[in-house]
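Throughout, read-outs are computed from the coordinates displayed, never taken from laboratory work. These numbers were taken from a predicted model, which means no experiment stands behind them. Backbone-built Cβ (ideal geometry, glycine too); neighbour counts: all protein chains shown.
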Amino acid sequence: MGTGGVYSGSGGAKAGGTGGAVVLGTGGAPISSTGGASATGGTGGAGGTASTGGTSASSGGDTGVGGPGNGGKAAAAGSDGAGGSVATAGSTGTDPGTAGDGDSMVGPNYPKSADLMSKGLPAGKTFTFTMSSATSKYFTGMDPTLTAKGTFNRTVTVYVPAKYKDGAPAPFMVIQDGPGQLGNVKLALDNLTQGTDPARRLPAFVAIAVQNGGGDGKGSERGLEYDTVSEKYALFVQNEVLPLVESNAALKAAYPNFSLTTDPDGRGTVGCSSGSSAAFTMGWFHPELFRRIVTYSGTFVAQQNDSAPEQAMYPLGAWDYHSVLNLVGTTTPAKPLRVFINANQNDNGAGTGDANHHDWLLANQRMAAAFKAQNYHYRFVEGLGAGHCAGQVQDTTLPDTLLWVWQGYPLNY
């Protein structure tokens with residue numbers, strides 16, 4: 001049973017050992033790998049140097065992935081071929097075992113977690129800035145799949161928790177649909193970095209909430225960014241959002257030596273609905289950049305634009321992660337991702353079957369099955385009696401979700 005008696009069930013297995021360098025082919029599928037424990041990035045090679053990053057074509061070509069190298073040095077950055085370098089690094093996290101992995105249910109009653117209630121603890125600092133699509137190399141507002149074209153601005157909100165120590169490279173989580181879950185994430189950070197229970201401690205990660213480009217569904221900017229199965233959104237975050245966070249004048253005034261970690265084990269993503277699909281896609285295509293993934297009511301279904309060039313490789317969009325192509329279940333070795341997924345009993349589309357490739361609950365159940373088959377560290381929570389992106393489900397589960405997804409990462413305070 002979980003905290004408060006709301007969780008039941010278990011089962012899942014830990015991820016298999018990740019050895020050496022993994023070379024990713026077009027679309028992120030491994031085409032070759034070198035494994036084994038070694039001082040050059042293999043699992044358990046304490047103090048080793050992660051493997052050198054390769055070159056990634058703009059279409060999602062080969063990217064060298066630094067081996068875990070338990071505390072090893074960062075790998076050299078490779079060129080992403082689309083306007084900026086892709087940082088890669090050796091992982092400093094440790095395998096926490098299988099605690100909390102597997103399938104469970106929550107509800108139908110949803111008590112709000114005490115960790116999402118203000119306890120009067122010192123709060124961190126919030127910074128906000130805007131980005132214009134006119135200066136973007138990735139999302140200009142003029143994509144041919146858009147129903148309505150035009151430049152736009154998006155807001156980015158950054159929360160630096162009180163326990164962050166200036167000068168230390170900060171772990172972070174990118175939140176889609178900003179502000180999204182930022183309010184609850186801030187409370188969880190405040191309470192779980194300053195609490196007295198040593199078993200419930202989060203690292204002081206920075207929360208970066210990125211607003212979507214607007215609209216919803218096929219033909220919209222949000223749909224383009226989130227529902228497209230490609231590396232593009234991950235590269236947008238890596239090469240355009242994160243540099244602006246690190247160089248923000250107000251943030252630098254408060255924290256003169258601020259920086260974000262290049263360690264992929266210290267980089268996570270959070271989303272709900274199509275924002276969940278985007279969060280997972282970030283890690284799927286670039287596990288050397290983002291590895292800790294939280295998705296609520298993920299729309300792992302066929303919502304990719306029919307005229308998108310990605311249709312040639314992934315005809316059913318995110319549905320192909322778990323069904324038909326079954327990318328998760330057939331890609332070996334397993335990618336070094338730690339993934340929380342949620343879907344609820346009354347999620348929109350639930351109960352329609354897979355005839356139209358749009359059953360949200362079924363999609364998440366199949367994602368969980370694919371993760372289990374490949375021995376991923378995964379946690380699937382189904383919410384009873386709840387609907388799409390249900391706030392009460394997140395109010396009950398988010399603190400435990402964050403604690404689980406950050407297992408194995410050292411506290412930085």
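Each of Ser276, Thr261, Ala168 was scored by the projection of its Cα onto the charge dipole of region 109-405, and the greatest displacement toward the positive side belongs to Ala168; charges sit on the C-beta of Lys, Arg, Asp and Glu.
Descending by average beta-carbon neighbour count within 10 Å, the peptides 94-106, 128-140, 294-306 line up as 294-306, 94-106, 128-140, the highest first.
Net charge around Ala162, counting only other residues with Cβ within less than 15 Å of its Cβ (Lys, Arg = +1; Asp, Glu = -1)? Mind dumping the intermediate values first?
Details: positive: Lys119, Lys125, Lys163, Lys165, Lys186, Arg201; negative: Asp166, Asp190.
Charge balance in the 15 Å sphere: +4.
Ranked by the mean number of other Cβ atoms within 10 Å of their residues, highest first, the peptides 160-173, 363-376 fall in the order 363-376, 160-173. Each Lys and Arg adds +1 at its Cβ and each Asp and Glu adds -1 at its Cβ; summed about the Cα centre, region 274-375 shows a dipole of about 480 debye.
Count the net charge of all other residues whose Cβ sits under 14 Å from the Cβ of Lys112, scoring Lys and Arg as +1 and Asp and Glu as -1.
Working: positive: Lys119; negative: Asp115, Asp395, Asp400.
Summing Lys/Arg as +1 and Asp/Glu as -1 gives -2.
Remark: the Thr126-Asp95 segment gains 8.0 nm on full extension, using 0.36 nm per residue and subtracting the alpha carbon distance. Of the peptides 110-116, 322-328, 278-284, the order by per-residue mean of other Cβ atoms within 10 Å, starting with the highest, comes out as 278-284, 322-328, 110-116.
Assuming a ≥ b ≥ c are the square roots of the Cα gyration tensor eigenvalues, decide whether region 109-405 counts as rounded (a/c under 1.5), prolate (otherwise, with a/b larger than b/c) or oblate. Walk me through the intermediate numbers first.
On the way: a/c = 1.69, a/b = 1.20, b/c = 1.40.
Oblate.
When Glu288, Glu225 are sorted by how many other C-beta atoms sit within 10 angstrom of their C-beta, beginning with the fewest, the order is Glu225, Glu288. Each Lys or Arg adds one and each Asp or Glu subtracts one; over the other residues with Cβ under 14 Å from the Cβ of Val245, this totals +2.
Charges were assigned to the Cβ only: +1 to each Lys and Arg, -1 to each Asp and Glu. The resulting dipole of region 113-239 about its Cα centre is roughly 280 debye.
As a proxy for reagent exposure, ranking Arg379, Arg200, Arg292 by other Cβ atoms within 10 Å from fewest up yields Arg200, Arg379, Arg292.
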